[in-house]
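Structure first, then comments.
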Amino acid sequence: MHYVVFVKQVPDTSVVKLDPVTNTLDRSSAPSIINPYDSHAVEEAVRLKNKYGGKVTVISMGPPMAVDVIKKCIELGADDGVLISDRAFAGSDTLATSYALTQALRKVSEKEPVDVIFAGKQAIDGDTAQVGPGVARRLSMPVLAQVIHVESFSAEKKVIRVHRKIEDGVEIVESKLPVLITVEKEINDLTYAPLPNMIKAAKYKPLIWSVNDIEVDRDQLGLKGSPTVVGKIFAPPKQSGGQKVTGTADEVVKTVMDKLVNVHGLFTGGGVS
Amino acid sequence: MSQPLKKVNVDDLQYLTRFVSDKESHLHIKDHNICKTKCEEKHCTVFCPAQVYKWEGERMFVGFEGCHECGSCRIGCPHDNIEWKYPKGGLGVVFRLA
Amino acid sequence: MAEKFDVIVVGAGPAGSAAAHTLAKAGLNVIMFERGEYPGSKNVMGGVIYRHQLQEIVPDFLESAPLERPIVQQNFWMMDEKSVFQMGYKGLEWAEAPHNNFTVLRAKFDQWFAGKAVEQGALLINETVVTEAIVEDGKVIGVRTDRPNGDVYADVVILADGVNSLLAKQLGFHKELKPSEVALAVMQVINLPAEKIEDRFNLEPNQGATIELFGDSTKGLLGTSFIYTNKESISIGVGTLLSGLMENRMKPYELLETLKQHPVVRKLIQGGEPKEYLAHLIPEGGYHSIPKLVDHGVMVVGDAAQLVNGIHREGSNLAMASGRMAAETVIMAKQVNDFSANILDAYRTNLMNSFVGQDLKKYKDAAHTLDRNPVYFKEYIPMMNRAASEMFTVDGVSKWDKQKKVMGMVQEKGTISTIRDLYRAWKVMK
């Protein structure tokens with residue numbers, strides 16, 4: 001089995017500040033991290049590998065410093081990683097990015113055909129959730145998006161059955177391989193990586209492919225290949241301040257429970273609104 | 001004599017600092033009974049720079065999530081009643097500046 | 001099978017990175033552990049790093065180190081409640097390379113310094129806590145981390161795990177620290193535009209100033225406060241002995257808030273935006289608190305070895321020098337392939353003969369003298385302020401009479417006891 005995971009380096013939006021004047025992200029204020037959804041995608045691929053055998057390869061696109069996210073994936077248990085990095089990719093929107101990643105994946109699968117592709121549900125910087133499905137479309141592969149559980153997997157029959165999170169419940173779907181799966185965070189808890197993985201990651205030098213290393217039509221890359229126009233960026237409206245409950249632990253619990261039960265109708269079927 | 005110290009809300013200070021909390025506490029009161037019966041002063045509730053320790057009448061509350069991992073409580077507890085270790089790798093306080 | 005290295009360095013602060021850099025440069029196989037998300041993420045200091053010791057390790061550091069401002073002005077303020085007696089030195093020669101010292105922000109600096117060690121070939125493992133030293137036949141042979149399959153082995157383990165050094169304690173190198181051996185320091189980083197900083201501190205762009213404050217800034221507790229200029233922020237903090245905070249039932253952040261609102265300090269930081277609040281311990285025991293530094297297969301460096309000169313608020317330079325010296329000893333031990341305490345003891349000898357040991361010895365009684373005699377902070381600094389006020393106030397009283405009045409203040413306290421106290425202070429501080 002060969003599992004490929006797409007990962008992205010993103011600014012940590014839990015730390016990042018929005019410039020109040022220009023409404024753009026002040027990226028300098030935030031550390032770069034692996035997109036949190038993607039780390040769960042890697043974890044799930046590694047779990048399948050540990051159970052059914054095979055190999056996990058991660059692919060990322062980004063500036064040279066994005067090798068750090070590939071090293072992070074090695075910590076999590078991935079076997080190999082490739083970074084595609086070139087000025088020609090700069091400015092790519094989701095269409096161009098899915099094209100570049102597809103071409104990189106094609107090269108990776110020349111050596112060893114790919115059975116399952118994993119990706120995070122979306123990246124926390126763009127929130128588009130388009131790149132994973134975009135790759136699947138280009139490969140004419142089924143997509144199972146927002147997966148929260150892998151129920152069964154058969155390497156012989158090449159079938160996977162998963163639970164998908166949908167609007168008002170859970171959908172249980174089965175698909176033939178190869179398939180592309182995008183994951184929610186609740187699909188697993190990240191394992192605290194064993195020390196040998198940490199040492200391997202610290203020593204690891206990922207492959208870096210430039211635009212010349214993969215077969216591409218340059219017109220479909222970068223700004224040229226990106227039809228997306230950013231119309232306007234604005235800060236979300238400030239949340240109105242909640243009520244701060246103070247006192248001892250007992251008092252706080254009592255106040256909150258009173259409010260939930262008496263004001264919001266908890267336990268009476270009214271639900272918390 | 002000198003003026004009393006200026007009051008400040010420690011929550012407003014703590015808000016400036018980044019913490020990535022573990023689910024489990026890295027700070028443990030060895031024997032809650034000692035805090036209750038043997039420790040009049042409860043120094044830790046005063047000197048802890050993050051006000052991690054709060055006496056709630058009956059029991060010592062330990063808000064480990066806001067701990068700066070300085071070690072003062074371990075050293076300053078007159079009854080050696082605090083089991084102190086570092087949070088799991090990568091967790092706990094994350095200083096971004098000085 | 002767990003991997004074996006030449007050397008394990010525990011902690012990627014200035015001491016650890018200095019050791020790892022020196023070792024890796026000499027071709028040794030080094031692994032360095034950092035428990036934080038990145039080096040510096042658990043580390044705090046007012047922010048002065050010294051050129052000399054850094055340059056011995058990274059000669060071209062000026063090209064890439066994330067330095068805030070070279071310091072051209074060092075001030076000492078003796079504070080009373082509504083006044084301050086100021087001393088200082090401004091040397092514009094320090095504005096030029098090679099400079100004397102710099103302010104830095106540790107989260108940036110420590111990452112850079114550890115990165116330099118990695119460039120030399122050291123392996124940096126972040127987010128991993130070393131929980132114990134593995135001892136076999138009375139010899140340290142490796143460490144255990146908090147990760148699965150977390151053991152790793154080496155010929156030598158260098159403990160650079162900071163002031164709390166739980167590992168040195170585990171090995172029995174020191175007993176638990178006492179509240180009178182550590183200062184609890186709290187600080188804030190306050191953002192302020194560069195031009196404001198330069199105007200308020202009388203600086204050109206790319207010049208920095210430090211102020212060490214004594215007396216009312218710690219409300220008479222033994223300790224100091226500091227105000228340092230960074231590029232676009234000011235670090236302000238208070239550090240006092242933990243024992244003093246306990247005896248006086250003081251909250252460290254209230255001391256800091258009081259300092260921030262002090263009438264002679266307030267204007268320096270006015271309008272600034274607090275960006276971070278940090279707390280940390282500083283080893284203050286000095287010479288008398290230095291633990292056992294060497295045993296079979298193990299050495300202790302930096303804050304873990306309590307190497308801080310409290311009188312001159314130096315620590316990072318002692319840390320770097322000790323890390324380098326420990327590494328040099330290991331390089332020598334590697335040549336004879338003998339890592340016994342006997343051979344590694346050269347580190348202790350070298351350290352004690354260097355400025356590190358000499359300075360700590362020189363001031364070995366300073367903190368104790370001051371701690372046992374709170375009059376220095378509680379009475380003499382206010383006296384100094386009253387005397388200055390008396391001499392400088394032009395009110396028609398002759399200078400002769402003013403001198404008499406100042407001497408009167410001394411006599412009030414008792415001439416003999418004042419002279420004795422001042423002599424004692426001079427003796428320990430000189």
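The values are calculated or read from the model by the stated rules, or taken from the named source; none is laboratory data. Because the structure is a prediction, the values reported are computed rather than measured. So basically every Cβ, Gly included, is an ideal-geometry build from the backbone, and we count neighbours across all protein chains shown.
Might you check whether a residue that is in contact with a Ser or Thr (Cβ under 7 Å, 6 or more places away or on another chain) and surrounded by fewer than 18 Cβ atoms within 10 Å (Cβ to Cβ) occurs anywhere in the stretch C:132-148? Before the answer, list the steps.
Within the stretch C:132-148, the subset in contact with a Ser or Thr (Cβ under 7 Å, 6 or more places away or on another chain) is C:144-147.
Within this subset, residues satisfying the condition of being surrounded by fewer than 18 Cβ atoms within 10 Å (Cβ to Cβ) are C:144.
Checked the stretch C:132-148: at least one residue is in contact with a Ser or Thr (Cβ under 7 Å, 6 or more places away or on another chain) and surrounded by fewer than 18 Cβ atoms within 10 Å (Cβ to Cβ).
Looking at A:VAL173, A:VAL179, just one residue is of a type in the set (A, V, I, L, M, F, W, C), crowded, with 20+ Cβ neighbours inside 10 Å, in contact (Cβ under 8 Å) with a residue 24 or more places away in the chain and closer than 23 Å to A:ARG138 by Cβ, and that residue is A:VAL179. Is it the case, given these coordinates, that A:ILE233 is touching a residue at least 12 places away in the same chain (Cβ under 8 Å), under 30 Å from C:MET32 (Cα atoms) and of a type outside the set (Ser, Thr, Tyr)? No. For the stretch A:189-232, the candidate set comprises residues that are of a type in the set (D, E, K, R) and more than 26 Å from A:LYS72 (Cα to Cα); within that set, the residue that is surrounded by the fewest Cβ atoms within 10 Å (Cβ to Cβ) is A:LYS232. Counting the residues of the stretch A:60-96 that are buried (at least 23 other Cβ atoms within 10 Å of the Cβ), modelled with pLDDT under 90 and among the polar types (S, T, N, Q) gives 1.
Looking for whichever is β-branched (Val, Ile, Thr), out of contact with any Lys or Arg (no Cβ under 9 Å at 6 or more places or on another chain) and more than 27 Å from A:HIS40 (Cα to Cα) here; the options are A:VAL253, A:VAL162. Which one fits? When all the criteria are applied, what remains is A:VAL253. Listed by position, the helices (runs of 4 or more DSSP H) contained in the stretch C:93-202 that have at least 3 residues being more than 13 Å from chain B (Cβ to nearest Cβ) and touching a residue at least 40 places away in the same chain (Cβ under 8 Å) are C:106-119, C:194-201. If we scan the stretch A:205-218, do we find a residue that is within 14 Å of chain C (Cβ to nearest Cβ) and not aromatic (Phe, Trp, Tyr)? Yes: one or more hits.
Residue by residue through the stretch C:250-281, note down the ones that are among the aliphatic types (A, V, I, L, M) and more than 11 Å from every other protein chain (Cβ to nearest Cβ).
C:VAL264, C:VAL265, C:LEU268, C:ILE269 - these are the residues of the stretch C:250-281 that are among the aliphatic types (A, V, I, L, M) and more than 11 Å from every other protein chain (Cβ to nearest Cβ).
Tell me whether the stretch C:74-91 contains one or more residues that are over 21 Å from C:PRO283 (Cβ atoms), touching a Pro at 6+ places or on another chain (Cβ under 8 Å) and assigned to a strand (DSSP E or B). No, that holds for no residue.
Within the option set C:ILE190, C:ILE197, being in the same structural domain as C:MET78 (by TED's automatic domain parsing) and surrounded by fewer than 24 Cβ atoms within 10 Å (Cβ to Cβ) holds for one residue only, C:ILE190. On the stretch given as the stretch C:244-271, residues that are buried (at least 21 other Cβ atoms within 10 Å of the Cβ) and of a type in the set (S, T, N, Q) total 1. Within the stretch A:236-257, being β-branched (Val, Ile, Thr) and surrounded by fewer than 11 Cβ atoms within 10 Å (Cβ to Cβ) holds for one residue alone: A:THR246. If you go through the stretch B:12-44 and keep only what is farther than 25 Å from B:LYS88 by Cβ and either in a helix (DSSP H, G or I) or within 11 Å of chain C (Cβ to nearest Cβ) (or both), you end up with B:ASP12, B:ASN33, B:ILE34, B:CYS35, B:LYS36, B:THR37, B:GLU41, B:LYS42, B:HIS43.
For every residue, the table says whether it meets (1) of a type in the set (S, T, N, Q); (2) over 30 Å from the mean Cα position of the chain (by Cα); (3) assigned to a helix (DSSP H, G or I); (4) modelled with pLDDT of 85 or more.
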{"position": "A:LYS224", "(1), (2), (3), (4)": "no, no, no, no"}
{"position": "A:PRO227", "(1), (2), (3), (4)": "no, no, no, yes"}
{"position": "A:PHE234", "(1), (2), (3), (4)": "no, no, no, no"}
{"position": "A:GLN239", "(1), (2), (3), (4)": "yes, no, no, no"}
{"position": "A:LYS244", "(1), (2), (3), (4)": "no, yes, no, no"}
{"position": "A:ASP250", "(1), (2), (3), (4)": "no, yes, yes, yes"}
{"position": "A:MET257", "(1), (2), (3), (4)": "no, yes, yes, yes"}
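Any residue that is assigned to a strand (DSSP E or B), over 28 Å from C:LEU92 (Cβ atoms) and among the aliphatic types (A, V, I, L, M) - is there at least one of those in the stretch C:207-225? For the stretch C:207-225, residues assigned to a strand (DSSP E or B), over 28 Å from C:LEU92 (Cβ atoms) and among the aliphatic types (A, V, I, L, M): absent.
Within the stretch C:228-236, is even one residue small (Gly, Ala, Ser), over 17 Å from C:MET250 (Cβ atoms) and within 13 Å of chain B (Cβ to nearest Cβ)?
Scanning the stretch C:228-236, I find at least one residue that is small (Gly, Ala, Ser), over 17 Å from C:MET250 (Cβ atoms) and within 13 Å of chain B (Cβ to nearest Cβ), so the answer is yes.
Taking the numbered list (1) in contact with a Phe, Trp or Tyr (Cβ under 7 Å, 6 or more places away or on another chain); (2) within 9 Å of chain C (Cβ to nearest Cβ); (3) touching a residue at least 12 places away in the same chain (Cβ under 8 Å) in turn, B:GLY66 passes all entries but (2).
The residues of the stretch A:54-86 that are under 17 Å from A:LYS200 (Cα atoms) and out of contact with any Phe, Trp or Tyr (no Cβ under 8 Å at 6 or more places or on another chain), listed by number, are A:VAL67, A:ASP68, A:VAL69, A:LYS72, A:CYS73, A:GLU75, A:LEU76, A:GLY77, A:ALA78, A:ASP79, A:ASP80. Of all residues in the stretch C:238-286, those being assigned to a helix (DSSP H, G or I) and either in contact with a Ser or Thr (Cβ under 7 Å, 6 or more places away or on another chain) or of a type outside the set (A, V, I, L, M) (or both) number 16. Looking across the stretch C:286-314 at every residue that is crowded, with 24+ Cβ neighbours inside 10 Å and under 9 Å from the mean Cα position of the chain (by Cα), the one that is modelled with the highest pLDDT is identified as C:ASP303. Among the residues making up the stretch A:100-149, those that are of a type in the set (Gly, Ala, Ser), out of contact with any Pro (no Cβ under 8 Å at 6 or more places or on another chain) and touching a residue at least 40 places away in the same chain (Cβ under 8 Å) are A:ALA100, A:ALA104, A:SER109, A:ALA119, A:ALA123, A:ALA129, A:GLY132, A:GLY134. Only a single item in (1) over 15 Å from the mean Cα position of the chain (by Cα); (2) surrounded by 12 or more Cβ atoms within 10 Å (Cβ to Cβ); (3) within 14 Å of chain C (Cβ to nearest Cβ) is not met by B:LYS7, and it is number (2).
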